[in-house]
Amino acid sequence: MATRSEKNKIPLNGNYHSDPPGKIKIVQALKKLLEEKDFNSITTAEIAKTSGVNESLIYRYFKDKRGLLHYILAEGMRDSENKIRTDLRDIKGPVNKLRKLIWDSIYYYDRHRVFAKILLLEVRNFPGYFESETYQLARQYSRILLNLIKEGIADYISMSRPLIREPGLVKRWGSGDLRKAACLSDNQCFEPARAGEGIYCVVERKEKQ
């Protein structure tokens, strides 16, 4: 079973181990302090004392305390997104992908409690967050989610087209008549809807005229 400190460790996509030792210590110090305190109550002096480095290094590497917070958040978000994209790669169907996305997110938040605290609580109280580069990283998660929803809608439309031409198709197949659906999947059935005329099979109507 992972220890509390292991759960809160945020992988930094290879950059972590190449960073200067002082920078690494500062990052680890703030994460440790966030386990017990809220961000606004933590001072740079406290971060420096916990990390064992000079306080001036915080401003050198991160400009200020909030820059340090965003650094931790950004690296955690990149790691989380990479894991999600890798996990979704071989999963078929938008519903299954959406289920995996939700599970991955909950699992990641549970394994990285400090990251979850920063993302869900700390940064959202600061208006400047929504204009930051870190917020743009957060929006990538939303884009993945939105694309899955769009994919699901597209699948639903694709499945519904044969039923527009043949409302009794499922019943026909259920009775043993397994002839191919008459639908040509040409999407013309949605053109009347755009003109406010409802949805119907354009090809079938032309055949009957």
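The values are calculated or read from the model by the stated rules, or taken from the named source; none is laboratory data. As the structure is a prediction and not an experimental result, all values here were calculated from the model. So basically every Cβ, Gly included, is an ideal-geometry build from the backbone, and we count neighbours across all protein chains shown.
What tally of residues in region 173-209 results from selecting those that are modelled with pLDDT of 70 or more, farther than 26 Å from Gly93 by Cα and part of a helix (DSSP H, G or I)? Total satisfying the criteria: 10. Considering region 50-64, the residues that are in a helix (DSSP H, G or I) and either touching a residue at least 24 places away in the same chain (Cβ under 8 Å) or farther than 15 Å from Leu34 by Cβ (or both) include one that is farthest from the chain's Cα centre (by Cα), namely Ser56.
Could you identify the single residue in Ala45, Ala2 that is modelled with pLDDT of 85 or more and of a type in the set (Gly, Ala, Ser)? First the steps, then the outcome.
On the way: Ala2 fails: modelled with pLDDT of 85 or more.
Being modelled with pLDDT of 85 or more and of a type in the set (Gly, Ala, Ser) holds for just one of Ala45, Ala2, which is Ala45.
Which residue is modelled with the lowest pLDDT, if the candidates are limited to region 6-41 and must be hydroxyl-bearing (Ser, Thr, Tyr) and loosely packed, with under 13 Cβ neighbours inside 10 Å? Before the answer, list the steps.
Step one: filter region 6-41 for residues hydroxyl-bearing (Ser, Thr, Tyr), giving 16, 18, 41.
Among the residues that remain, those that are also loosely packed, with under 13 Cβ neighbours inside 10 Å are: 18, 41.
Values: Ser18: 75, Ser41: 93.
Ranking the qualifying residues of region 6-41, first place goes to Ser18.
Could you check how many residues of region 65-113 are assigned to a loop (DSSP other than H, G, I, E, B) and β-branched (Val, Ile, Thr)? Outline the logic, then answer.
If we filter region 65-113 for residues that are assigned to a loop (DSSP other than H, G, I, E, B), which is where we start, we get 89-93, 112.
In the following step, the residues that additionally are β-branched (Val, Ile, Thr) were identified as 91.
Within region 65-113, residues that are assigned to a loop (DSSP other than H, G, I, E, B) and β-branched (Val, Ile, Thr) number 1.
If you go through region 142-165 one residue at a time, do you hit one that is within 25 Å of Leu34 (Cβ to Cβ) and part of a helix (DSSP H, G or I)? Yes, because at least one residue in region 142-165 is within 25 Å of Leu34 (Cβ to Cβ) and part of a helix (DSSP H, G or I). Of all residues in region 109-126, those satisfying the criterion of being more than 17 Å from Gly67 (Cα to Cα), in contact (Cβ under 8 Å) with a residue 24 or more places away in the chain and surrounded by fewer than 19 Cβ atoms within 10 Å (Cβ to Cβ) are Asp110, Arg111, Arg113. The single condition among (1) out of contact with any helix residue (DSSP H, G or I) (no Cβ under 7 Å at 6 or more places or on another chain); (2) modelled with pLDDT under 90 that Asp64 does not meet is (2).
Within region 56-80, if we keep just the residues that are buried (at least 16 other Cβ atoms within 10 Å of the Cβ) and among the charged types (D, E, K, R), the residue that is nearest to Leu121 (Cα to Cα) turns out to be Arg66.
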